[in-house]
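Working notes, beginning with the structure itself.
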Amino acid sequence: MKVVLFCGGLGMRLREASESLPKPMVPVAYRPLLWHVMKYYASFGHRDFVLCLGYKADVVKDYFLHYDEATSNDFVLSGRGQVELLGSDIHDWRITFVDTGTDANIGTRLARVAPYLRDEEIFLANYADGLSDFPLPDLIERFRASGAVASFLSVPPRSRFHMVRAGVDGAVESIEELGDSGVRINGGFFAMRPTIFDYLNEGEELVEEPFQRLIAERRLLTLPYDGFWMPIDTLKDKLELDAMAEVGELPWLHAASAFAARRDPAA
């Protein structure tokens with residue numbers, strides 16, 4: 001199953017960490033954020049990637065063209081610099097690099113990689129700027145059994161802002177943290193069928209016009225998830241991820257093994 005990754009944006013809110021890098025290439029624990037997202041999908045067996053490139057596309061291409069397996073794998077060094085790898089990350093990955101434009105929105109980027117997806121029954125997609133440990137097969141299985149055209153993960157917002165309800169006279173009726181309000185947001189993990197392109201017109205943003213058309217036909221699903229999910233929008237988010245990595249807390253890299261244990265507790 002192919003995985004489309006939208007990794008061409010400017011990442012303006014993470015400018016402090018990505019001035020010279022595209023946002024998905026900001027490092028987290030030895031590897032770029034993009035690698036962590038890809039590793040998550042690969043752990044569930046989805047290793048055929050389509051990268052929607054844009055801003056500093058050359059940086060992404062160069063990284064994988066000169067990929068150093070020794071950075072995140074054990075190895076033996078002997079003789080005159082001879083390296084014997086004891087593990088490998090991407091030897092079985094297939095990566096299609098597509099320049100989808102520096103200023104393109106998500107819908108346009110998706111439309112520009114349509115030729116690589118027409119033969120897929122279902123394909124996956126991700127904004128490539130967030131991490132989660134959610135069990136991916138749950139989304140796929142539910143989506144496959146439905147007549148929906150698209151599905152996505154919905155999560156509680158991480159914001160500590162308060163949501164206020166007030167009457168017409170301005171009197172406050174309730175105030176609560178946004179994360180406790182029951183509101184959910186788009187978590188950026190998608191499953192779609194190629195028929196999504198029948199709902200997507202030139203220049204449209206994916207979650208605006210096309211998704212509104214699907215909602216009208218009741219062909220858009222969501223899977224609520226309350227486990228670990230973290231967007232990387234600001235320098236504070238990156239530093240939080242770095243702190244987790246420092247103590248070996250990388251739940252997105254263990255999601256597949258946790259899912260397998262849940263399916264077969266005796267294993």
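Can you name the residue in segment 237-267 that is under 18 Å from Met38 (Cβ atoms) and small (Gly, Ala, Ser) and is also most open to solvent (accessible area, probe 1.4 Å) among such residues?
Ser257
Quick check on my filter: what residues within segment 146-187 are at pLDDT below 85, within 30 Å of Ile122 (Cβ to Cβ) and surrounded by 12 or more Cβ atoms within 10 Å (Cβ to Cβ)?
Result: Arg158, Val183.
Among the candidates Tyr127, Tyr199, which residue alone is aromatic (Phe, Trp, Tyr) and touching a Pro at 6+ places or on another chain (Cβ under 8 Å)?
Result: Tyr199 is the single residue among Tyr127, Tyr199 that is aromatic (Phe, Trp, Tyr) and touching a Pro at 6+ places or on another chain (Cβ under 8 Å).
Filter segment 52-70 down to the residues that are of a type outside the set (A, V, I, L, M, F, W, C) and farther than 12 Å from Gly101 by Cα, then identify the one that is most open to solvent (accessible area, probe 1.4 Å).
It comes out as His66.
Can you name the residue in segment 215-235 that is aliphatic (A, V, I, L, M) and touching a helix residue (DSSP H, G or I) at 6+ places or on another chain (Cβ under 8 Å) and, of all such residues, is nearest to Phe189 (Cα to Cα)?
Filtering segment 215-235 for residues that are aliphatic (A, V, I, L, M) and touching a helix residue (DSSP H, G or I) at 6+ places or on another chain (Cβ under 8 Å), the one nearest to Phe189 (Cα to Cα) comes out as Leu223.
The values are calculated or read from the model by the stated rules, or taken from the named source; none is laboratory data. Since the structure is predicted, the reported quantities are computational estimates derived from the model, not experimental observations. Neighbour counts run over all protein chains shown; Cβ positions are idealised from the backbone, glycine included. Just the protein is used for accessible areas: all its heavy atoms, side chains included, with ligands, DNA and RNA removed. Shrake-Rupley method; radii C 1.70, N 1.55, O 1.52, S 1.80 Å.
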